[in-house]
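Down below is the structure, laid out as structure tokens.
The values are calculated or read from the model by the stated rules, or taken from the named source; none is laboratory data. Note that the structure is a prediction, hence the values are computed from the model and not measured. Every residue, glycine among them, receives a Cβ derived from its backbone with ideal geometry; neighbour counts consider all protein chains shown.
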Protein chains: 2
Amino acid sequence: MKKHNFSPGPCILPASVMAKAAEAVVEYNGIGLSLIEMSHRSKEFVEIMESARNLVLEHLGLSNKGYQVLFLQGGASMEFLMVAYNLLQNKAAYLNTGTWSTKAIKEAKMFGELVEVASSKDQNFNYIPANFEVPADVDYFHITSNNTIFGTQLQEIPNTTVPLVCDMSSDIFSRQMDFSKFDLIYAGAQKNMGPAGTTLVVVKEDILGKVDRQIPSMLDYNVHIGKDSMFNTPPVFAVYVSLLTLQWLKDLGGISEIEKINNAKADLLYGEIDRNPLFKGFVANPADRSKMNATFNLAENANKGLFDQLWNEAGINGLNGHRSVGGYRASMYNALSLDSVQVLVDVMKEFEQKS
Amino acid sequence: MKKHNFSPGPCILPASVMAKAAEAVVEYNGIGLSLIEMSHRSKEFVEIMESARNLVLEHLGLSNKGYQVLFLQGGASMEFLMVAYNLLQNKAAYLNTGTWSTKAIKEAKMFGELVEVASSKDQNFNYIPANFEVPADVDYFHITSNNTIFGTQLQEIPNTTVPLVCDMSSDIFSRQMDFSKFDLIYAGAQKNMGPAGTTLVVVKEDILGKVDRQIPSMLDYNVHIGKDSMFNTPPVFAVYVSLLTLQWLKDLGGISEIEKINNAKADLLYGEIDRNPLFKGFVANPADRSKMNATFNLAENANKGLFDQLWNEAGINGLNGHRSVGGYRASMYNALSLDSVQVLVDVMKEFEQKS
């Protein structure tokens, strides 16, 4: 039986994408070679890479606006470092909204002065700080659009006069925004874009080349741009599966269409969390709730053993919360169906009846 | 028709491995989830990672000898940087035997003084320098065991009193050696170990932690060791396919058995290159020839169009030489069969007859 996969990442991908990816691992497009044994310099793979890069810009509405797309390796963790290496000359500002922001700050501190404009650490990151000010003299301002672990999400893109950098790992391609407000967006693929193993970077070229330090080749965005994202052997499989997922999203109608489905899923689940007396949401202010990761706990004295039994029996996977929050986390990435969310909601109702 | 794949990398992998990998992309081991949608913290993936790490040590004869195995990202290009970041305090020695050695030297220069103990650049890297001396006061000595582009291979491991670091990307697991002579071995997976997307690092723990500089987390071997190679989300698919390939090698009898097959393949092809008057080998000294990548040119006045037609018609793929050498390159990695080499040799004979 196929599971209802609420895993926080690596996570569910469209079934049609996985079927096509599996076929390509046996033989790519009838060429007598597997996807994973053909040269990354072959015309087939160069086409895959170029299509994926172009489709990213198309989805984000950033074609012909001075942006470059890279498929790199090392996940968001490597970008914490690369962003600072490439952009931090003197001082940078960070908004601290969770574990990943905290890690990004830690890595960037090696390269210059850091201003934490606000932090929600005082309440275990259960809200998004408001009313912060970004100094005008920083090299860039860094935000995390969605906090996978705590289940919070920035609803408004801050207005800044300095370059805006965003870790969009866990909600990219899930909701419509004016993406041209960002100067650099990065995202580990393994939520809404593809399997683990590649990292998307979308960068406005004119913010690069302004720091004095020497940058190692592999960490230099300009080096990767100069080689069309093929400075070294790219992670072929992960890039191809990302392309398939981007195509699936396009066939479905793009970000504006998936956003409607994501809104319906979030409304359904948060509605039940708020209605059912046996559950309580983790996030302090409902306006800060993530539509990708819903974090919730059982009410005191609720029967945890029974709830765990019920969702496991229903074929639900990946519902345990991160250890720094506890409780439960339902990750509802693009490929998760409304039906799967309905199964979870039905289990929550059944739990109420049986308690 | 399945091609005879002589591609230099990404390259041929065992057909049984690709079939199993494709199955896992649909559903892993009957658990109701695809390999690429399950959590990297699941017991299934933790087992994959641990099995792969252990099997590497087993193949290399390095179990319980103070070595740690990591599956990282970024290929050998990232290791050029990480090696220097982690080990270069004052001065390091490098043997320059080709394009990749040259790149490794370039990246390391940012971190300290570099001594190039010898170079074969004067002859476009068509030989392996002999009689070089490694200074006793360097932090480490770096070599490249096989030069994919030029088709040369180190036949003897240099004796050193300093830590020995080796880029073994294109011949690891292909021949028996006393691997305990190395203190750090790294290899991009995409030749003998698996698909593009993961990098193997085998490091003797006692050489680490000796530099003064602060090392960014993602570039710090000790950080990755401390998290059992799961500091960040690993490239799940690439690690799993590497495990399958390592298991295939074990079932076949291990490195000593594959070495016999690799020797037979190399003998067959180099025998024909030397016999057939229409071909000449690129490497100056036959003793320096690589058993993984055979580089050769057509004799003057030979009919290139006819040869290219014949090997293409025979279903041979990936035979063009690298642009810095020209001519042809037959890459004969572990998974390439003796039959495929025979097909190439037959084409070379046919070419002679028809010329």
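Quick look at the values:
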{"item": "Count - residues of the stretch B:59-114 that are of a type outside the set (A, V, I, L, M, F, W, C), more than 14 Å from chain A (Cβ to nearest Cβ) and farther than 16 Å from B:His224 by Cα", "result": "14"}
{"item": "Answer residue from the stretch B:310-324, given it is part of a loop (DSSP other than H, G, I, E, B) and free of Cβ contacts under 8 Å to residues at least 60 places away in the same chain and is surrounded by the fewest Cβ atoms within 10 Å (Cβ to Cβ) among those", "result": "B:Arg323"}
{"item": "Residue list for the stretch A:179-197, restricted to those being part of a loop (DSSP other than H, G, I, E, B) and in contact (Cβ under 8 Å) with a residue 40 or more places away in the chain", "result": "A:Asp183, A:Ala189, A:Gln190, A:Lys191, A:Asn192, A:Met193, A:Gly194, A:Pro195, A:Ala196, A:Gly197"}
{"item": "Residue that is nearest to the other protein chains (Cβ to nearest Cβ) [pool: residues in the stretch B:211-225 that are of a type in the set (A, V, I, L, M) and more than 16 Å from B:Asp139 (Cβ to Cβ)]", "result": "B:Met218"}
{"item": "Residues satisfying the stated conditions in the stretch B:27-36, i.e. within 7 Å of chain A (Cβ to nearest Cβ) and assigned to a helix (DSSP H, G or I)", "result": "B:Ile36"}
{"item": "Only one of B:Leu219, B:Leu246, B:Leu200 that is in contact with a His (Cβ under 9 Å, 6 or more places away or on another chain) and touching a residue at least 60 places away in the same chain (Cβ under 8 Å)", "result": "B:Leu246"}
{"item": "Residue within the stretch B:155-169 that is closer than 30 Å to A:Ile105 by Cα, more than 14 Å from chain A (Cβ to nearest Cβ) and hydroxyl-bearing (Ser, Thr, Tyr) present", "result": "no"}
{"item": "Any hit, the stretch B:257-266, residues being of a type in the set (Gly, Ala, Ser), surrounded by fewer than 22 Cβ atoms within 10 Å (Cβ to Cβ) and away from chain A (no Cβ under 14 Å)", "result": "yes"}
{"item": "Any pair with Cβ under 8 angstrom, 6 or more apart, that starts in the stretch A:88-114 at a residue that is farther than 20 Å from A:Ser145 by Cβ and ends at one that is surrounded by fewer than 21 Cβ atoms within 10 Å (Cβ to Cβ) and basic (Lys, Arg)", "result": "A:Gln89/A:Lys210; A:Phe111/A:Arg213; A:Gly112/A:Lys91; A:Glu113/A:Lys91"}
{"item": "Qualifying residue in the stretch A:277-293 (condition: surrounded by 13 or more Cβ atoms within 10 Å (Cβ to Cβ), acidic (Asp, Glu) and not assigned by TED's automatic domain parsing to the domain that holds A:Leu60)", "result": "yes"}
{"item": "Some residue of the stretch B:200-210 being crowded, with 19+ Cβ neighbours inside 10 Å, touching an Asp or Glu at 6+ places or on another chain (Cβ under 6 Å) and either assigned to a helix (DSSP H, G or I) or within 11 Å of chain A (Cβ to nearest Cβ) (or both)", "result": "yes"}
{"item": "Hey, A:Lys265 touching a helix residue (DSSP H, G or I) at 6+ places or on another chain (Cβ under 6 Å) and in the same structural domain as A:Ser290 (by TED's automatic domain parsing) or not", "result": "yes"}
{"item": "Test: residue in the stretch B:117-131 that is surrounded by fewer than 23 Cβ atoms within 10 Å (Cβ to Cβ) and of a type in the set (D, E, K, R)", "result": "yes"}
{"item": "In the stretch B:37-50, residue surrounded by the most Cβ atoms within 10 Å (Cβ to Cβ) [restricted to those that are away from chain A (no Cβ under 11 Å) and within 14 Å of A:Asn317 (Cα to Cα)]", "result": "B:Glu44"}
{"item": "Given (1) touching a residue at least 40 places away in the same chain (Cβ under 8 Å); (2) within 18 Å of A:Ser242 (Cα to Cα); (3) within 11 Å of chain B (Cβ to nearest Cβ), number of the condition A:Phe6 does not satisfy", "result": "(2)"}
{"item": "Single residue of the stretch A:230-253 satisfying the filter (outside any helix (DSSP H, G or I), under 20 Å from A:Ile48 (Cβ atoms) and out of contact with any helix residue (DSSP H, G or I) (no Cβ under 6 Å at 6 or more places or on another chain)) that is farthest from the other protein chains (Cβ to nearest Cβ)", "result": "A:Met230"}
{"item": "Scan of the stretch B:10-26 for residues that are part of a loop (DSSP other than H, G, I, E, B) and at the interface with another protein chain (Cβ under 7 Å from one of its Cβ atoms), ordered by number", "result": "B:Pro10, B:Cys11, B:Ile12, B:Leu13"}
{"item": "Flag for B:Ser145 being assigned by TED's automatic domain parsing to the domain that holds B:Phe237, at pLDDT 95 or above, within 19 Å of B:Leu70 (Cα to Cα) and under 9 Å from the mean Cα position of the chain (by Cα)", "result": "no"}
{"item": "Scan of the stretch A:290-341 for residues that are of a type in the set (Gly, Ala, Ser), away from chain B (no Cβ under 14 Å) and more than 22 Å from the chain's Cα centre (by Cα), ordered by number", "result": "A:Ala299, A:Ala302, A:Gly305"}
